[in-house]
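The values are calculated or read from the model by the stated rules, or taken from the named source; none is laboratory data. Since this is a predicted model, take the numbers as computed values, not measurements. Using ideal geometry, Cβ is built from the backbone for each residue, glycine included, and neighbour counts are taken over all protein chains shown. Quick note on the areas: whole protein, heavy atoms, side chains included, nothing else; ligands and nucleic acids left out. Shrake-Rupley method; radii C 1.70, N 1.55, O 1.52, S 1.80 Å.
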Amino acid sequence: MASSALSRIANLQKHFNPNSKGERGVKISSEVAEALALGKAVVALESTIISHGMPYPQNLETAKEVEAIVRQNGAIPATIAILDGMPCVGLSLEELERLAILGRKARKTARRDIAHVVATGGNGATTVSATMFFAAKVGIAIFVTGGIGGVHRHGESTLDISSDLTELGRTPVAVVSAGVKSILDIPRTLEYLETQGVCVAAYQTNEFPAFFTEKSGCTAPSRVDSPEDCARLIDSSINLGLMTGILIALPIPREHSASGNIIESAIQKALKEAREQNVTGSAETPFLLARVSELTGGTSLASNIALVKNNARLGAQIAVSLCQLRDHSCKGRTTFLVGLIGFKFLYIPSTRNFLYHPTSGYLMEKKG
């Protein structure tokens, strides 16, 4: 058994060690790696909001504030990006600043783009789908974002459907968001999520939120009322082996909710301009959000920042509750983290995988 484990480590070293020629893995920051190894609460954060969501230095300050909120609520933040072709889970302040300065020069990276960005040694800001992929790969169960993508308006003829939805249908990560961006077709998005088998639960409300506003006019399929409710939902989904994501929709704080009529008017104007300028694909959402911000005098951008911070707060609380639930269910058991001096791997119990670790290996025993 021991020789088998050593053999597995030796085989995986070539695959995950970033210094190996021709093959690259995932670099986990020391802080995130330790938190995962010890079963602490970790929250994944995307990086597209940093590079494409707002200008420098506001993007950097917002990223730092969101990470601080996660820490204040008992979890470790793990911002995810691809830097110089290396997928990184957990960024240093220097790496955050680099990404913020790069801005739109960093490629907006969805799942389909990951291999190309890595192969070309590029810099990629991860969207919801790419962030979910890397979070699941290293064993992070909770991911916080602003709002997810969805079925675009007139999507029944254009087939413009965000990869966020299919990722939720195949990747077991819980996503905390303010619902679906209101520039999209929300009823069709909810229908598509149902087709993908994704559990959608609104937080402390029966109505699905619409990003900038608390109400969309659509009834949420499920409801949760506390971080503990969310944790039980996530734990049940994992234990059942459903292998699908969960969407937890948290309404924007009421004091930051923009008037629905004002936002809707701005959206219709922005959509018309996008069609006239032939803005499509991955460029459409950034264009629409920027134009809506302009048309509302910056109100929508301020609301966007407020809802992301609100989501980060709940996401961290859910991650802590999930850890407490797992610790309680594993009370009396002993789990082992297996490492080896000279090898750069750590064992993540939640995924049963060995992953690259930026420091030398070690042997640790954790009693739950």
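Here are the numbers for the structure shown:
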quantity: Qualifying residue in segment 136-151 (condition: farther than 13 Å from S47 by Cβ, at pLDDT 95 or above and among the polar types (S, T, N, Q)); calculated: no
quantity: Residue in segment 67-83 that is of a type in the set (D, E) and more than 18 Å from the chain's Cα centre (by Cα) present; calculated: no
quantity: Pick from segment 201-224, criterion closer than 21 Å to A316 by Cβ and among the hydrophobic types (A, V, I, L, M, F, W, C), ranking: surrounded by the fewest Cβ atoms within 10 Å (Cβ to Cβ); calculated: A201
quantity: Residues of segment 225-234 satisfying the condition of being under 22 Å from R170 (Cα atoms) and surrounded by 17 or more Cβ atoms within 10 Å (Cβ to Cβ); calculated: C230, A231, L233, I234
quantity: Checking S300 against (1) open to solvent by less than 30 Å² (accessible area, probe 1.4 Å); (2) at pLDDT 80 or above; (3) among the polar types (S, T, N, Q), the condition it does not meet; calculated: (2)
quantity: Test: residue in segment 254-272 that is closer than 17 Å to G155 by Cα, open to solvent by less than 70 Å² (accessible area, probe 1.4 Å) and not hydrophobic (A, V, I, L, M, F, W, C); calculated: no
quantity: Single residue of A68, A44 found to be surrounded by 19 or more Cβ atoms within 10 Å (Cβ to Cβ), within 25 Å of V173 (Cα to Cα) and modelled with pLDDT of 90 or more; calculated: A44
quantity: Any hit, segment 173-185, residues being modelled with pLDDT of 95 or more and open to solvent by 10 Å² or more (accessible area, probe 1.4 Å); calculated: no
quantity: Residues located in segment 117-129, provided they are closer than 10 Å to I82 by Cα, part of a helix (DSSP H, G or I) and open to solvent by less than 10 Å² (accessible area, probe 1.4 Å); calculated: V117
